[in-house]
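Asker: Pasting a structure below so you can have a look.
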Amino acid sequence: MQPYEERLTAPGSWWAVAVLVGVAMALILLPLGGIATLAGFAGGAALAAIAVSSYGSARIRVVGGALLAGDARIPVEALGEAQVLDAEEARAWRTHKADTRAFMLLRGYVPTAVRIEITDPDDPTPYAYLSTRCPERLAAALEAARGVRS
């Protein structure tokens, strides 16, 4: 079985915004002199870059008979069918079709997703919604992992 791994990195435009935050901080501190301006740029850009990097560090993995998504670790035995969602269907499942009890690893900059039923009777979570750039590959990896465990 080939393990699945994906990192939901932030798009390049978000990094440009981080630089612009640095520019904004530099402009705010401009009246205080050159050193303060440089410090404002460096500090503002660094803090914004840390925020972008942190938000874009979410990972989805299928390994060792489990689905690891963000902070969640779900054994494949507790998973039902994985439904591949195109951009339109993914939008519906994260808005008007969403269940507040669901586990959602949602990244708005990733248009496609997978919705996976949670079949564990002791778990009140009805499904896991995972933003993914490769929904077919993720669904296939889950199916393969379930087949290996059966």
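Asker: R7: accessible area at probe 1.4 Å, nearest 10 Å²?
Answerer: We get 120 Å² for R7.
Asker: Going toward the positive end of the dipole of the chain, with +1 on Lys and Arg Cβ and -1 on Asp and Glu Cβ, which of L130, S53, A140 do you reach last?
Answerer: S53
Asker: With a 1.4 Å probe and all protein chains left in place, how much accessible area per residue does segment 37-107 have, in Å²?
Answerer: On the way: 3800 Å² over 71 residues.
With all protein chains present, segment 37-107 gives 54 Å² per residue.
Asker: Once neighbouring chains are kept in place and the probe is 1.4 Å, which whole percent of the accessible area of segment 1-106 is contributed by carbon and sulfur?
Answerer: On the way: 4030 of 6250 Å².
Carbon and sulfur together cover 65 percent of it.
Asker: Quick one: dipole size for the chain, taken about the Cα centre, charges +1 on Lys/Arg Cβ and -1 on Asp/Glu Cβ, in debye to the nearest 20.
Answerer: 440 debye
Asker: Another one. Can you say what percent of the DSSP beta bridges in the chain, counting only those with both residues inside, are antiparallel? Round to 5. Present the calculation step by step, with values, prior to reporting the outcome.
Answerer: Numbers: 22 of 25 bridges.
Roughly 90 percent of the DSSP beta bridges within the chain come out antiparallel.
Asker: Follow-up question, since we're still on this one. Just to make sure I understand: if all protein chains stay in place, what is the order of L68, L32 by accessible area at 1.4 Å, largest first? Can you show the working numbers first?
Answerer: Details: L68 35, L32 130 Å².
Sorted descending by solvent-accessible area, the residues read L32, L68.
Asker: Accessible area of D122, 1.4 Å probe, to the nearest 10 Å²?
Answerer: Counting only protein heavy atoms, D122 exposes about 140 Å² to solvent.
Asker: Same structure, new question: Using only Cα atoms, find the angle between the long axis of helix 12-29 and the longest principal axis of the chain, and express it within 0 to 90 degrees, rounded to the nearest 10.
Answerer: 30 degrees
Asker: In the full protein assembly as shown, how much of V17 is accessible to a 1.4 Å probe, in Å² to the nearest 10?
Answerer: Rounded to the nearest 10, that gives 80 Å².
Asker: Taking the convex hull of the Cα atoms, report for segment 68-150 its projected area averaged over all directions, in nm². All intermediate terms of the calculation are to be shown ahead of the outcome.
Answerer: Working: hull surface 20.8 nm².
If you wrap the Cα atoms of segment 68-150 in a convex hull and average its projections, you get 5.2 nm².
Asker: Give the ranking of I118, I50 by solvent-accessible surface, highest area first, calculated with a 1.4 Å probe.
Answerer: On the way: I118 20, I50 110 Å².
Correct descending sequence by accessible area is I50, I118.
Asker: Could you go through segment 106-122 in sequence order and give the Karplus-derived ³J(HN,Hα) for each residue, using 6.51 cos²θ - 1.76 cosθ + 1.60 with θ = phi - 60°, rounded to whole Hz, and x for Gly and Pro?
Answerer: 10, 10, x, 7, 10, x, 9, 7, 10, 10, 10, 5, 9, 9, 5, x, 8
Asker: Right, something else. What residues have an amide H closer than 5 Å to that of L67, excluding those fewer than 5 places away on the same chain, when H is modeled at 1.01 Å from N in the peptide plane?
Answerer: Amide H to amide H, under 5 Å and 5 or more residues apart or across chains, L67 pairs with I74, V76.
Asker: Step through the residues of segment 133-145 one at a time and calculate ³J(HN,Hα) from phi using the Karplus curve (6.51 cos²θ - 1.76 cosθ + 1.60, θ = phi - 60°), rounding each to whole Hz and writing x for Gly and Pro.
Answerer: Along segment 133-145, the couplings run 7, 10, x, 5, 5, 5, 4, 5, 5, 5, 5, 5, 5 Hz.
Asker: Read through the labelled values (1) 40, 20, 14; (2) 34, 21, 13; (3) 40, 15, 13 and report the label of the one computed as semi-axes √(5λ) of the Cα gyration tensor in Å from the structure.
Answerer: Label of the calculated value: (3).
The values are calculated or read from the model by the stated rules, or taken from the named source; none is laboratory data. Treat the numbers as computed from the prediction; the structure is a model and nothing was measured. In this analysis, Cβ positions are derived from the backbone assuming ideal geometry, glycine residues included, and neighbour counts consider all displayed protein chains. Surface areas here come from the heavy atoms of the whole protein model, side chains and all, with no ligands, DNA or RNA. Shrake-Rupley method; radii C 1.70, N 1.55, O 1.52, S 1.80 Å.
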